[in-house]
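Remarks on the structure that follows.
The values are calculated or read from the model by the stated rules, or taken from the named source; none is laboratory data. Worth saying up front: this structure is predicted, and the values here are computed from it rather than measured. Please note: Cβ atoms are built from the backbone with ideal geometry, for glycine as well, and neighbour counts cover all protein chains shown. What goes into the accessible areas is simple: the full protein's heavy atoms, side chains included, and nothing from ligands, DNA or RNA. Shrake-Rupley method; radii C 1.70, N 1.55, O 1.52, S 1.80 Å.
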Amino acid sequence: MNPHSEMAKKQFDLLVFDWDGTLMDSTPTIVKCIQSAAKDLGLPVPADSAAAFVIGLSLPAAMQAVLPDADPRMHAKMVERYRFHYLTRDHELTLFTGVRDMLNDLSQQGYFLAVATGKSRVGLSRALHTANLTSVFDATRCADETFSKPHPAMLQEITRELGQDMRRTVMIGDTTHDLQMAKNAGAGGIAVEFGAHPAHELAEMAPLYSAKSIHDLHAWLNEYA
């Protein structure tokens, strides 16, 4: 295929990835850390599904959502205990198989790559450094720098920073929060089915595509993005 028809096929210039549950295999660890934080404080321990649902939100918003009936002062303590547990375990976390190859390939094809995450800046910096991916991304936004998902601010700020068109931007994530943020911003949305939210909930958001694995996602992006 000649380069001109390749260019004509391309829908997107900017690919924005969520981090936890999309690139990093961290969902089970985050769920356990939320539950441990609640247990430490003598609060009701949320079920796996409830803890998984709030992944992707900023930490304060997540703790409020997972324990809405708790005294508001306990939400700040939940954040503190969650961080304690997570920091003892985050060095054990690994990228999903195929992530590094996919990102390198997409970068070489000339896409702008970015991250929009519910993590804090300190947390994302640690994760990128540990995974040796800091130089791969053209821009990153964290929940403690702007509004939490599903508010569109992260995508608005990333596109503005990189001089990109929102209509040629796609958000890739494992939660309905990611896909709702994409809708709110006017960007495309792609779901991945191996993270925090079940496939049927993601499907209700009508994503452009729903990937069952990183290999599946990589193949779709190569063919259609």
Only one of L106, L113 is out of contact with any Asp or Glu (no Cβ under 8 Å at 6 or more places or on another chain), open to solvent by less than 20 Å² (accessible area, probe 1.4 Å), among the aliphatic types (A, V, I, L, M) and in contact (Cβ under 8 Å) with a residue 60 or more places away in the chain; which?
L106
If K183 satisfies all but one of (1) touching a Gly at 6+ places or on another chain (Cβ under 7 Å); (2) crowded, with 24+ Cβ neighbours inside 10 Å, what's the number of the condition it fails?
(2)
For the stretch 64-98, give me each residue that is in contact with a Phe, Trp or Tyr (Cβ under 9 Å, 6 or more places away or on another chain) and touching a residue at least 24 places away in the same chain (Cβ under 8 Å).
V66, F96
Which condition does V79 not pass, out of (1) over 18 Å from the mean Cα position of the chain (by Cα); (2) open to solvent by 30 Å² or more (accessible area, probe 1.4 Å), if it passes all the others?
(2)
Scanning the stretch 84-118 for residues that are among the charged types (D, E, K, R) and at pLDDT below 95, which turns out farthest from N222 (Cα to Cα)?
R89
For the subset of the stretch 82-103 comprising residues that are more than 15 Å from C33 (Cβ to Cβ) and not in a helix (DSSP H, G or I), which member is most open to solvent (accessible area, probe 1.4 Å)?
T97
Output the number of residues of the stretch 202-225 satisfying the condition of being in a helix (DSSP H, G or I), touching a residue at least 12 places away in the same chain (Cβ under 8 Å) and farther than 17 Å from N184 by Cβ.
9
Which residue is nearest to T117 (Cα to Cα), if the candidates are limited to the stretch 12-40 and must be open to solvent by 10 Å² or more (accessible area, probe 1.4 Å), in contact with a strand residue (DSSP E or B) (Cβ under 8 Å, 6 or more places away or on another chain) and of a type outside the set (A, V, I, L, M, F, W, C)?
D20
